[in-house]
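Note sheet for the following structure.
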Amino acid sequence: MAIPATVATIASYVDQEVELQGWLYNKRGSGRIAFLQLRDGTGLIQCIASKKDLEVVEEGLFQRLRKLGQESSLVVRGMVRQDDRAPHCGHEIHVTGAHIVCPASDYPITKKEHGPAFLHDHRHLWFRSKRQQAILRIRHLAIKAIRDYLDSRGYVLFDSPMLTPNACEGTTTLFSTDYYGRPAYLTQSGQLYQEAGALALRKTYCFGPVFRAEKSDTRRHLTEFWMVEPEVAWIDFDGVMDLCEDFLVNVVAQVLEQGRPWLEELERDVSVLERVQKPFPRISYDDAAQAVRDMGIEMEEGDDFGSPQETALANSYDRPVMVHRYPTAVKAFYMKEDPERPERCFGVDVLAPEGYGEIIGGGQREDDLGVLVGKIEQHGLPMDAFEWYLDLRRFGSAPHGGFGLGVERFVAWLCGVPHIRECIPFPRQLDRLQP
Ligand code: 4AD
Ligand code: MG
């Protein structure tokens with residue numbers, strides 16, 4: 001009896017007969033011998049079928065395998081041989097039998113170059129390819145490392161709702177929906193609810209999809225993306241920056257430890273990730289703006305950084321850089337004003353090297369009731385929708401803060417892929433809701 005096996009566990013079965021379930025990735029061969037590249041979701045392996053052997057097993061089987069189309073599903077039986085020269089995994093299968101489950105023909109994604117639009121139209125098939133699988137595995141490892149970091153340090157998972165009555169990150173990027181005759185919005189960030197969580201449980205986080213009706217169709221923007229948002233009570237602004245730094249150092253280290261094979265598959269220069277060590281440079285917005293101007297890049301007084309400014313700035317460092325104390329006017333209503341300079345606020349962005357831009361946004365939250373009421377008015381937000389949020393300043397207000405990391409931007413940087421749309425299984429963008 002052949003032993004059920006997978007490519008990932010094949011090394012345990014050398015010189016034994018196994019059965020592998022999978023899909024035909026590629027093939028080549030002659031009239032007498034066929035080299036079938038089988039992928040089974042855990043890896044790739046070469047299966048060698050000879051006409052002489054297979055004709056004895058089942059008449060015509062060799063020919064059917066020889067003609068099989070890419071991405072046909074099949075079950076292969078065979079002897080496992082170890083051979084360091086074997087492609088993919090250092091092992092190969094000498095086929096003793098096979099059962100074709102679903103023959104496929106004209107699989108749309110072939111070895112020839114396809115344009116990005118075509119590939120994204122076939123996203124449901126595209127991630128059967130090696131590179132896409134490597135990216136999605138790094139995404140999985142990154143999410144696991146993030147959860148491990150927070151779970152092992154006393155953070156309580158505290159899920160924020162997706163349907164909300166108000167904006168969190170400005171009203172221009174809200175997706176609205178009808179909620180039994182009333183307007184409701186898809187959440188842009190779980191932060192406001194995390195603040196309630198942190199004032200109850202001290203350290204909380206949410207980790208889920210968030211939505212931004214972004215009009216910008218860039219390589220950094222999705223309309224639905226995943227964000228992890230830790231929030232901590234009794235933390236000050238320096239504490240928030242320390243947390244961003246410690247979080248990134250540890251999470252990147254765990255991904256490096258567990259994800260080497262996939263980063264290699266992606267030909268990622270891991271030295272960039274190995275340099276993610278403390279301390280990260282911390283530079284004030286004012287100094288950063290001056291540095292950008294000194295590089296000859298235009299930057300209006302008090303403006304937020306755009307992508308050219310961010311890229312230029314981040315490229316001046318060999319590791320992530322933290323830019324702090326942004327102009328209060330360009331940041332969200334909840335940012336705490338710097339008491340020494342109210343026109344600057346306790347907001348921090350972490351910029352990744354190599355042009356990946358802002359991967360983290362965070363800061364200390366306004367904890368003064370009067371100031372916060374003024375901010376809500378200034379930003380033209382509906383006061384009644386925020387009454388519950390103001391309660392957090394009425395009953396036991398305390399210094400608190402946290403940050404949000406966009407998973408796809410983080411994964412794009414980890415993998416060194418240019419566009420974040422490859423870093424989520426099914427991207428949602430300005431012009432894309434399919435598949
Ligand atoms: O800087 P943002 O808007 O911060 C917040 O939402 C805070 N409420 C988070 C917090 O303090 N709890 O977004 C945080 C991160 C960005 O740094 C970026 O990585 C990512 O979310 N992000 C996007 N990722 C993909 N597509 C978009 N349209 C994104 N907008 C923000
Ligand atoms: Mg931001």
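Extension gain, Arg394-Glu55: 0.36 nm per intervening residue step, less the Cα-Cα distance, totals 113.8 nm. Spatially close Lys pairs in the range 1-153, defined by Cα atoms under 17 Å apart and a spacing of eight or more places or different chains, total 9.
Of the accessible area of the range 144-289, computed with a 1.4 Å probe over protein heavy atoms only, carbon and sulfur atoms account for 51 percent.
The loop-placed GluC sites (Glu not before Pro) in the range 41-73, going by DSSP, that have at most 14 neighbouring Cβ atoms within 10 Å of their Cβ come out as Glu58, Glu59. Note that the range 183-278 presents 40 Å² accessible area per residue, ligands and nucleic acids not counted, probe 1.4 Å.
The length gained on full extension between Arg293 and Glu340, counted as 0.36 nm times the residue separation minus their Cα-Cα distance, comes to 14.4 nm. Comparing Pro418, Pro116, Pro165 in a Gaussian network model of the chain where C-alpha atoms under 10 Å apart are linked, the largest mean-square fluctuation is found at Pro116.
For the range 302-347, the C-alpha radius of gyration sits at 1.27 times the compact-globule guess of 2.2 N^0.38 Å, with N the residue count. Taken over the chain, the convex hull of the Cα atoms encloses 179 Å³ per residue.
Which GluC sites (Glu not before Pro) from the range 223-288 combine a DSSP loop assignment with at most 14 other Cβ atoms within 10 Å? Can you show the working numbers first?
Working: sites: Glu224, Glu231, Glu245, Glu257, Glu264, Glu265, Glu267, Glu274; in loops: Glu267.
Here the sparse-neighbourhood loop sites are Glu267.
From the Cα gyration tensor of the range 156-223, with a ≥ b ≥ c the square roots of its eigenvalues, which class applies: rounded if a/c is under 1.5, or else prolate if a/b is larger than b/c, or else oblate? Cα axes put the range 156-223 in the oblate bin. For the range 319-356, the list of GluC sites (Glu not before Pro) that fall in a loop by DSSP and count at most 10 other C-beta atoms within 10 angstrom reads Glu340.
With all protein chains kept in place, the per residue accessible area of the range 302-396 amounts to 39 square angstrom at a probe of 1.4 angstrom.
Modelled spin labels at Arg81 and Asp431, positioned 7 Å past Cα toward Cβ, are 5.1 nm from each other. Summarising the amide proton neighbourhood of Ile360: residues at separation of 5 or more, or on other chains, whose placed amide H is nearer than 5 Å comprise Val350.
Tell me, what does the Kirkwood hydrodynamic radius of the range 1-135 come to in angstroms if you use every pair of distinct C-alpha atoms? Please list the in-between numbers first.
Numbers: mean 1/r = 0.0651 Å⁻¹.
Every distinct Cα pair counted, the radius reaches 15.4 Å.
If R0 is 35 Å, the Cβ-Cβ spacing of Glu267 and Met1 corresponds to a FRET efficiency of close to 0.30. Taking each full run of DSSP H in the chain as one helix, which ones are at least 15 Å long along their axis (Cα atoms) and have mean Kyte-Doolittle hydropathy of at least -1.0? Counting only whole DSSP H runs, the qualifying helices are 130-151, 237-265.
What's the carbon and sulfur percent of the range 53-141's accessible surface, probe 1.4 angstrom, rounded to a whole number?
Details: 2530 of 4840 Å².
Looking at the range 53-141 in its full context, I get 52 percent from C and S.
Take every DSSP beta bridge whose two residues both sit in the range 142-210, then give the antiparallel share in percent to the nearest 5.
Working: 6 of 8 bridges.
Of those bridges, close to 75 percent are antiparallel.
For the pair Asn315 and Ala200 in one chain, pulling the backbone fully straight at 0.36 nm per residue adds 37.4 nm over the alpha carbon distance.
When the accessible area of the range 324-380 is split by element with a 1.4 Å probe, what percent falls to carbon and sulfur? With neighbouring chains kept in place, the figure for the range 324-380 is 47 percent.
To the nearest 20 Debye, how big is the dipole of the range 354-435 about its Cα centre, given +1 on the beta carbon of each Lys and Arg and -1 on that of each Asp and Glu?
My answer is approximately 200 debye.
Surface exposure of the range 1-156, expressed per residue as accessible area with a 1.4 Å probe, stands at 52 Å². Here's the picture: a label point sits 7 Å out from the Cα of Thr171 along the beta-carbon direction, and within the range 214-250 the residues with their amide nitrogen under 20 Å of it are 214-216. Straight-line reach from Lys331: which lysines have a Cα under 23 Å away, not including same-chain ones fewer than 8 places off? Within the straight-line limit of under 23 Å, Lys331 reaches these lysines: Lys215, Lys375. Within the listed set Lys67, Lys215, Lys331, the Gaussian network model of the chain (springs between alpha-carbon atoms below 10 Å) gives the highest mean-square fluctuation for Lys67.
Out of the DSSP beta bridges found with both residues in the chain, what percent are antiparallel (nearest 5)?
Values: 70 of 80 bridges.
Taking every DSSP beta bridge with both residues in the chain, the antiparallel ones total about 90 percent.
The values are calculated or read from the model by the stated rules, or taken from the named source; none is laboratory data. All values derive from a computational prediction rather than experimental measurement. Cβ: placed from backbone, ideal geometry, glycine included. Neighbour counts: every protein chain shown. These accessible areas exclude ligands, DNA and RNA; they are computed on the full protein's heavy atoms, side chains included. Shrake-Rupley method; radii C 1.70, N 1.55, O 1.52, S 1.80 Å.
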